[in-house]
1. Is it fair to say residue 7 is under 23 Å from residue 75 (Cα atoms), aliphatic (A, V, I, L, M), touching a strand residue (DSSP E or B) at 6+ places or on another chain (Cβ under 8 Å) and surrounded by 12 or more Cβ atoms within 10 Å (Cβ to Cβ)?
2. Within region 167-192, track down each residue that is polar (S, T, N, Q), part of a strand (DSSP E or B) and touching a residue at least 12 places away in the same chain (Cβ under 8 Å).
3. With respect to residue 157, is the statement that it is away from the ligand (no atom under 15 Å from the Cβ) and over 23 Å from residue 66 (Cβ atoms) true?
4. Show the residue pairs meeting these rules: Cβ distance below 8 Å; 6+ apart or different chains; first residue within region 153-166 and touching a residue at least 60 places away in the same chain (Cβ under 8 Å); second residue part of a loop (DSSP other than H, G, I, E, B) and surrounded by 20 or more Cβ atoms within 10 Å (Cβ to Cβ).
5. Does residue 145 count as farther than 19 Å from residue 4 by Cα and part of a helix (DSSP H, G or I)?
6. Of the numbered conditions (1) closer than 25 Å to residue 119 by Cβ; (2) out of contact with any helix residue (DSSP H, G or I) (no Cβ under 9 Å at 6 or more places or on another chain); (3) among the hydroxyl-bearing types (Ser, Thr, Tyr), residue 2 fails exactly one; give the number of that condition.
7. Mind listing just one residue for me: the one in region 99-151 that is farther than 17 Å from residue 70 by Cβ and of a type in the set (S, T, N, Q) and, of those, farthest from the ligand (Cβ to nearest atom)?
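Where a number appears in this text, it was derived from the coordinates with a stated rule and is not lab data. Being a predicted model, the structure only gives us computed values, none of them experimental. With ideal geometry, Cβ positions are generated from the backbone for all residues, glycine too; neighbour counts draw on all protein chains shown.
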Amino acid sequence: MTGREVLERLLDGNRRYLEGGGPRAVEQTAREKLVDSQSPMAAILCCSDSRVPPEYVFDAGLGEIFTVRVAGHVVGTSVLGSLEYAVDHLGVPLILVLGHESCGAVKAALAGGEAHGSIKGLVERIKPSLKDINTGTEISQEIMETAVTENIRYTQHQLQDISDSIRKKVDAGDLMITGAVYSLRSGEVNTV
Ligand SMILES: [Zn+2]
């Protein structure tokens, strides 16, 4: 399948989820088939938020999606290494960067307050994506929506800018990188 065909399949899964589809029962035979190898159709880089589990959101079964999750879907070495594995060794034709409405990590980066511990490093990785956003005195819903979208686009660009192997696959037409935003309220996924 091409990256575009895989994206359509994921969005079909999201439609099933919207119609009330839930997590699938996994039969022992399905587990056994996957013991020796995996062949996921897509890699999904997603925020860790408990309200955005990709297997639910895309009604995906065991072995279908290779998922990398980190708050604010920020790009670091471990994230890149995981995605390079999915691209180079598992041959996925699509990386989907999935952000979401009201992302707490994005909100923290917008608010600009002092974060403690390792959260500080995480928030710092989001800030460059928000450099053109003027927050003013309060963070409106509109500003949050813009910030979430900008952070998704920034992550998409970073994957290609930092990783040679990801960029080469994109240039060769073997890999598509797409961004999408998840609505906490409706459950809908829309590409950005
Ligand atoms: Zn989030």
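1. Yes.
2. Of region 167-192, the ones polar (S, T, N, Q) are 178, 183, 186, 190-191.
After this cut, where a residue has to be part of a strand (DSSP E or B) as well, the list is 178, 190-191.
Selection gives 178, 191.
3. no
4. Here the result reads 155/74; 155/75; 158/75; 159/75; 162/75; 166/175, each pair linking region 153-166 to a residue that is part of a loop (DSSP other than H, G, I, E, B) and surrounded by 20 or more Cβ atoms within 10 Å (Cβ to Cβ).
5. Values: farther than 19 Å from residue 4 by Cα: yes; part of a helix (DSSP H, G or I): yes.
Yes: the conditions hold for residue 145.
6. (1) is the only condition that residue 2 fails.
7. Per the criteria, the residue is 137.
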